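The values are calculated or read from the model by the stated rules, or taken from the named source; none is laboratory data. Not measured: the values here are computed from a predicted model. In this analysis, Cβ positions are derived from the backbone assuming ideal geometry, glycine residues included, and neighbour counts consider all displayed protein chains.
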Amino acid sequence: MVTAEHLHKTFGRFTAVKDASFSIEKGEIVGFLGPNGAGKTTTMKMLTGYLPPTAGTARIAGFDIIDSPLEARRHMGYMPENVPLYDDLRVYEYLDYRARLKGICGKSVRNQIGEVIEKCGLEPKRKTLINTLSKGYRQRVGLADALLGNPDLLILDEPTNGLDPNQIRQIRELIRALSENHTVILSTHILHEVEMICNKVIIIDQGEIKAADTPENLTANLRAAGRVSIEYKGDLDSIVQELEAFEPIKKVFTEETEDGWHRLLVRAEPGTDSREKAAAIIASHGYPIRHIYRHIPSLEDVFVEMTRRD
């Protein structure tokens with residue numbers, strides 16, 4: 001559905017995006033992540049045709065964004081971070097205006113407006129002035145606008161920005177439902193949201209693509225994926241030596257708590273689980289164990305490791 005090839009964008013001497021290449025398959029929900037100023041919005045603006053790339057290109061549904069920009073745009077719907085709405089229009093009037101700008105005419109206008117209003121839960125607000133809508137409903141209007149024309153691809157920039165938890169949940173469920181018929185690129189700072197609804201993640205930092213894979217693969221290959229924490233009471237040095245002699249374990253870090261129990265942080269190979277072996281070693285000495293836990297990395301761990309500066 002989307003293929004980016006060596007996208008590059010400079011503003012004077014500043015390089016916003018550097019040699020970015022990635023692909024997105026039909027039907028995927030892709031989380032596009034990066035710190036502030038990483039190049040996320042610039043990349044999405046190039047995909048949508050808002051900004052021309054300095055070098056490289058991309059294809060949307062097979063159409064080149066440079067050679068065939070109008071055809072590429074017909075296959076996508078874009079919802080910017082700050083949705084530009086006309087406050088003095090009613091919801092239906094605004095969507096009618098936007099539909100005609102997109103070349104939708106005749107009976108199709110009424111049918112498509114009815115469909116997007118239903119999909120986005122706007123039926124109770126169809127005759128409401130936009131300037132009286134809550135932030136959540138304004139986001140829904142922006143999403144309905146992006147859906148006009150039934151595009152194959154939806155590009156959503158911070159769709160839950162400024163929403164309360166209930167509104168975020170509603171938009172999340174809406175995006176999940178839309179993925180049945182649309183490919184979705186979702187840019188957000190809420191990593192928990194990406195973990196819940198995305199089946200692919202692209203991480204960009206300082207204009208470069210750092211990773212592009214499923215959340216499961218990214219977390220499985222993280223250094224923290226093999227980390228185990230243990231608390232026990234007994235001799236320290238001998239246990240540390242035995243644990244570090246076990247092949248998957250790379251390093252054991254120690255800390256003594258105030259009540260005499262030792263806390264160990266066991267770092268092992270990613271994807272391994274050293275809990276059983278570690279517990280057996282400690283138990284063989286008759287030492288009590290009050291805590292043993294395998295750290296399950298989150299997408300936040302992946303994000304921090306990929307983008308940290310130290």
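Residues of the range 115-129 that are modelled with pLDDT of 90 or more and either closer than 22 Å to R73 by Cα or touching a strand residue (DSSP E or B) at 6+ places or on another chain (Cβ under 7 Å) (or both): E115, V116, I117, K127, T128, L129. With under 20 Å from I197 (Cα atoms) and assigned by TED's automatic domain parsing to the domain that holds G62 as the only criterion, which of G149, G136 stands out? Result of the check over G149, G136: G136. Among the residues of the range 240-247, are any buried (at least 16 other Cβ atoms within 10 Å of the Cβ), in contact (Cβ under 8 Å) with a residue 12 or more places away in the chain, under 33 Å from the mean Cα position of the chain (by Cα) and outside the structural domain of S23 (by TED's automatic domain parsing)? Checking the range 240-247: not a single residue is buried (at least 16 other Cβ atoms within 10 Å of the Cβ), in contact (Cβ under 8 Å) with a residue 12 or more places away in the chain, under 33 Å from the mean Cα position of the chain (by Cα) and outside the structural domain of S23 (by TED's automatic domain parsing). The strands (runs of 3 or more DSSP E) found entirely in the range 213-297 include none that carry 3 or more residues being under 30 Å from G31 (Cα atoms).
Taking the listed residues K210, K233, K200, the one that is basic (K, R), at pLDDT 90 or above and within 24 Å of R294 (Cα to Cα) is K233, with no other qualifying. Regarding the range 77-87, can at least one residue be identified that is of a type in the set (D, E), within 29 Å of D164 (Cβ to Cβ), in the same structural domain as H6 (by TED's automatic domain parsing) and in contact with an Asp or Glu (Cβ under 8 Å, 6 or more places away or on another chain)? Checked against the condition, which is being of a type in the set (D, E), within 29 Å of D164 (Cβ to Cβ), in the same structural domain as H6 (by TED's automatic domain parsing) and in contact with an Asp or Glu (Cβ under 8 Å, 6 or more places away or on another chain), the range 77-87 yields at least one hit.
Working carefully through the options G260, G286, find the one that is out of contact with any strand residue (DSSP E or B) (no Cβ under 9 Å at 6 or more places or on another chain), at pLDDT 90 or above and farther than 30 Å from G207 by Cβ. Answer to the check: G286. Looking only at residues of the range 62-71 that are among the aliphatic types (A, V, I, L, M) and touching a residue at least 12 places away in the same chain (Cβ under 8 Å), we find that the one that is surrounded by the fewest Cβ atoms within 10 Å (Cβ to Cβ) is I66.
Looking across R98, R59, R74, R90, one residue alone is touching a Lys or Arg at 6+ places or on another chain (Cβ under 6 Å), basic (K, R) and surrounded by 14 or more Cβ atoms within 10 Å (Cβ to Cβ). It is R90.
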